[in-house]
Every structure is written in C-alpha cells, then in structure tokens.
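Undergrad: Have a look at this one before I ask anything.
What follows is calculated from the coordinates using simple rules that are stated; it is not laboratory data. Keep in mind that what you see is a predicted model, and the values were worked out from it rather than measured. Neighbour counts run over all protein chains shown; Cβ positions are idealised from the backbone, glycine included.
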Amino acid sequence: MTTRLPLSIAAFTAMIAGSALAQAPATSTWTVPRTPDGTPDLQGVYANATLTPLERPKGLGAKEFYTDQEFAALMKRIQSGIVPEEADLGNAAPQDVRYDLSLYGFDVTKATLASNKRTSLIVGPEGKVPPMLPEARKRNAERAAKNKGHEFDSYENRPLQERCILMAQERIPMLPGAADNNLLQIVEGQGYVVLLHEMDHSTRVIPTDGRPHISQKIREYQGDSVGHWEGNTLVVDTTNFTDLSAFRGSGEKLHLVERFSRPDEKTLLYQFTVEDPDTWDKPWSAEIPMAKAKGPVYEWACHEGNLDEFVTILRGARVEEEAGNKAAK
Amino acid sequence: MRVTSSATLTAFVIVVAAMPVAGQTAPAAKSAVKKAWTQPRTPDGQPDLQGVWTNNTVTPLERPKDLTGKEFYTDAELAAGMKKEHERLDLNIEEGLPTEPGTAADVHYDFSEYGLDRGQTKLAWNHRTSIIVGPEGRIPPLTPEARKRIEERRAKAKGHEFDGPENRPLGARCLARPNVGPPLLPAAYNSNLQIVQGAGYVVIESEMIHDARVIPTDGRPHIAKNIKQWMGDSVGHWEGNTLVIDTTNFTDLNPFEDAQNVHVVERLTRVDADTILYQFTVEDPGMWTKPWSGELPITKMEGQLYEYACHEANYGLVNTLNGARVAEQEAAKKAGK
C-alpha cells in the first residue's frame, strides 16, 4: 500500500517544522547556546507534562490554535482546579480508588507546563490520527480476537506497562499526558546524545556520528535510534521496533522521526512524525513544547511496594473464575 | 565500632591512588613498549573516556585462599592462565562444558551459547590475582554489630525465602543488579558499558539491566540524606586526568545488603587508547572493620549496547515460587497421612 503515501516523510516533517516556527512567538535576541564541540546545546532537565489532548476535540473542527484570550481563559480554569473537557488529564484524571491525587507529583495544577496554544498535539488541519488501513484493522482485530478471554490468564497477557517492561510515557514517540514522572534529561557528548526518561528510569544513548541502523533482524522495544543535526535541530530516526511494542496498532515497519529544538531559553520543542505503510494511509505528526524544569531526576520505582495493580488484577480474575465455576454447578 | 576504622576514607583513597603506580611498575615495565600515547580530550577539555568498554574478567573479586599474600601473577603464570582459558573456551564451543548433573549450572543455561561463556567476549587481562588490592585481597571482616544485624535479618527471613516475590533477591526481581553497583563489578555476562561525556555530566550506561547513571560533575552536593536510591547518588569531579565519582545515599539492600551507610569512591583513569584503569574504595564503618579497595582494567571493545531483557520469557522466578508451593502441598499431604 505504499502508493497511498502521498507525501514523503521528509517533506512532511519539513512542513511541520515550518508551521512551528511560524507560530512561535517572536522571542528577543536569544540564540541557542553551543556545547564545547559546537553542537546546539539542548542539555538540561525538561518536563513534558501537558494538558493538550493528542487528538483535537470534535467541536473544534480545523481550529489548530486557541486565541490568546481563549488560552488565558483555559489556563485560568485549569489553575483553579477545574479541568475542562478540552484538556486531557490521562492518568491524572480523578479516580476513586487508585491514587491520592493531592500527593506531590500527582496534582496537575502544580505541574510545570509549557505554554501551548495548540488545540491538539497532532498538528495540521485534521488534528487526528489518520484512518487505519483495512489490512491493519484486520491484523489488530485478529490479534485482539486471539487474546480475547485470555487477558487475565497470566502476567504475560497483561500490557507491557503493567509488567514494568515499557511504560507509556517512556515509550517513543513520547506522548506525555498530565501524569507524574514527566521529566526528561538531555546530556550531549561528542557523537552522542543521551535522553534519560524519569519514567521507568530508562535511557536512550543515540549516536550522531552518521552510522546506519543496526541489522533489520534485531528488534528492540524502543527500536534503534540514530541522530543527526539539521541546523539547530536534533533529528532522530528510529526503526527496528518489535511488534510487541506496537504504537497505536502499528506494525514492524513503523518509522519514527523525532525533532528536538530550543525555540527559547525555557522551552524544548519536541516534534515527531510517524509513518507505517502497513498501518496508516499517510504519515502523521505531533508537537509538544516541554518546559525547562529543575532537577535532579531521581530514581523511579515501578512495582516495588505496589501490590494492588498486578497481583490483585490476576487474583481478582481467579476469584471471578471460581465464582463462575460455582454458579455453573 | 568506628574506632576500628582508623584511616579516614580520604587518606585511604590517596594511598590506593598511589598504589597502582607502584603496583603496576612490574607489569607495565614488562609489557611491550607502546607508542607515545597522549590523553585525548573532549572539546571542553575533559579527559576523554568516551566509548564502549568491557570490564569482563576472569579475575575474582577476592583472592583465592591458596594465593594468600601473592598480589600479582608473574608473566609466565598469566600466560599459562590465558592458555588454560582459551582451551576451556574451545572445549565449550565444540562440545559444551561438562556440568554436574542436577546442579543449577547443569539445568539453567547452555553455556556454549554466545555471550553466556564469558571467554567468548573480550577479556581485560591483568596480572592481579584478585580485584581487591592489598596484601589480604579480601573484603575485610564485618563489624560485630553488622554481624548481629545480618544474623537477625536472616533469622527473620528464614522459612520465608519463597513466600512471595518480595522475598527473592533484587536481581531475581529485575530491580537492581548488584554488579552494576557502584562499584562497577564484572558479572558472568553483559559486563559491558558505554561512557558518554557532556558539559557538566558523565553518563555511564551498563548493558546489564540497561541502567544508566547520569553523573553531574558541576560541583553540586549530594541530594538530601533521606532520599535513598538503589544505585545511590553519584557526584563527580576531575582530578587531573582522573574522573573521581563519590556515591552515597544507598538503600540498605543494594549493592551491599545490610550495609547502611555505604560510601563508594570510584576513580577512572584512561591509561592508554584501549584501557581505563578502574579503581574503587568502599567504606561503611558500621559494616566493615576498614575500607576496602579494588582495581581492574576496563578494556575498549567494538560495537554498541543493545537492549537488555530481564524476565521476558524467563520463568525462573515463577518456577521458584511454584516449586515452593508444590513442596508445601506435598509436605502437608505427608503430614496429614
């Protein structure tokens, strides 16, 4: 189905980069500092928490940005603790039983948020993930049918996130929400850029020395990333994903291009484009401004002391089975 | 028992730092005269330690008892050891090493598989008979209160080793690998690491458990004492061409179980194009009667680090616990009859 790809991913990415620049407020005379070896200096700790939903709320149509007035009103409501339906709270949405959301790190009104007037993280007039191709729908439906009734058989049937193998906010492309543990630290060395995610304390060491991707036979949860600099922007190209870490129904041909730049001193602009000719009829792109934050990034605990999420899910399923068996008699 | 640790750590580190010069005189003088090598620098002038390295070694942490007092092998002894290792590896690749039936080694892994026999990957050979330096070459004795603490914890844990996953070691739970430390110690496999240096930071990524330490070298102090982390809190600084890393804020579970105030000082010095001399000193006056230090060469290797899988498709933990439940049921049946 490659014929259905009207735009090359490179052209598409360039378009997005252009739109971001056009939209960025005219900053003063700030210029990106340089590391000692002359690459743009992106180093620092950034928070990628955002309230902007991935897809544009239905009522907004092709409206890509809020006006200053609309945005100010929205922020005011959020800071007062009223989160309107235009904002996506994700894991930070009120839940009855899981967390005390007033605890530090869970309270979204205390989070560091980068100013973002976008109505959705996905850019462009549609602001939505493009429709899934029929064969991708079939592939995903078959997989779901195979899993149906086995969701609670064992821990191996549970999602990667529950198993502490790959957390949602850690996986790439990075799609943050308003959830906790949203720090990202960047360290640049000669020929490498290191990204440390607070969530799951996982690290990507990305070479920028022009090397090719690893053999297509080697598949990794986070794929294989190689980077290069385009002007002041770090461009990271990732392939070699497994089908276990499928991104929104993607297949093994998932190709991700991420762009990191600093439009001003306090902001890291993160943009990405994904394409997968086996899954979507065209590439799609999103952008997320991240706000400079105070470090350090501490260690992160996944399952330690956390019994309710995993053990209880499986135990609950066993109890239900027993109850079902009894009722059948 | 603080009186027993008479040397301050600072003094001790200086002694250790001075030691390799003396200790190395013999091996270094005997090794082939190398071409003039100058310490490369990063663009901001730091000594350049970047690259992919391995600390894979056959040198044991503690000196074997029959070598008491002997800190270095002679060249002839080292050559014989290397030859023996190569023969062992050839045998393993061709036929597989004989293992004793029924032992964990026998049922656990096929050691002829790539990467599982440490001889298959590059080894950093050196003349030392143990990683721990000094005439004793062993971890010093525990203090009486540490012995008491360990005994009490063991007594409490006894009979509950298989109750649940929380009773199993951290490594079996994929939470932390003691060899990743700090101090960084070699393990039977995946003893590889990558170093990246940025302005104000050094990153050390270990292949084992895919853990990375992002170490600031900007002079900041340690984090608050009440924050404890599996891998502690590391801050670094440069002393000449040596990266010195100071780590505190460990939990009492890792990397040294029951040690409550571990302080680790690591020194990384690039001594030639292919070698970093890695030295460390560990102290905890409530745990050991004196500080102890080790050193081993870390050698440059080709390649990159790949993702690491811990428990995926690995049923060791589940089988351990299942086995315990079956044993309990059988014991109950027997008692009932």
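Undergrad: Could you tally the net charge around B:Pro178, taking each other residue with its Cβ under 14 Å from the Cβ of B:Pro178, Lys/Arg +1 and Asp/Glu -1?
TA: -1
Undergrad: Could you quote the convex hull projected area for the stretch B:267-337, Cα atoms only and averaged over all directions, in nm²?
TA: Its Cα hull, projected and averaged over all orientations, spans 10.4 nm².
Undergrad: Note down the net charge around A:Glu230, summing +1 for each Lys or Arg and -1 for each Asp or Glu among other residues with Cβ under 13 Å from its Cβ.
TA: -1
Undergrad: Around B:Arg138, with a cut-off of 14 angstrom between Cβ atoms, what is the net charge of the other residues, counting Lys and Arg +1 and Asp and Glu -1?
TA: +1
Undergrad: Right, something else. Could you please state, rounded to a whole Å, how far the C-alpha centre of the stretch A:145-178 is from the C-alpha centre of the stretch B:180-252?
TA: 30
Undergrad: Could you order the peptides A:182-193, A:209-220, A:234-245, A:277-288 from most to least packed, using the average number of other C-beta atoms within 10 Å per residue?
TA: A:182-193, A:277-288, A:234-245, A:209-220
Undergrad: Once you've got the Cα coordinates, tell me which of A:Lys117/A:Lys294; B:Lys156/B:Lys334; A:Lys217/A:Lys292; A:Lys217/B:Lys300 are over 29 Å apart.
TA: A:Lys217/A:Lys292
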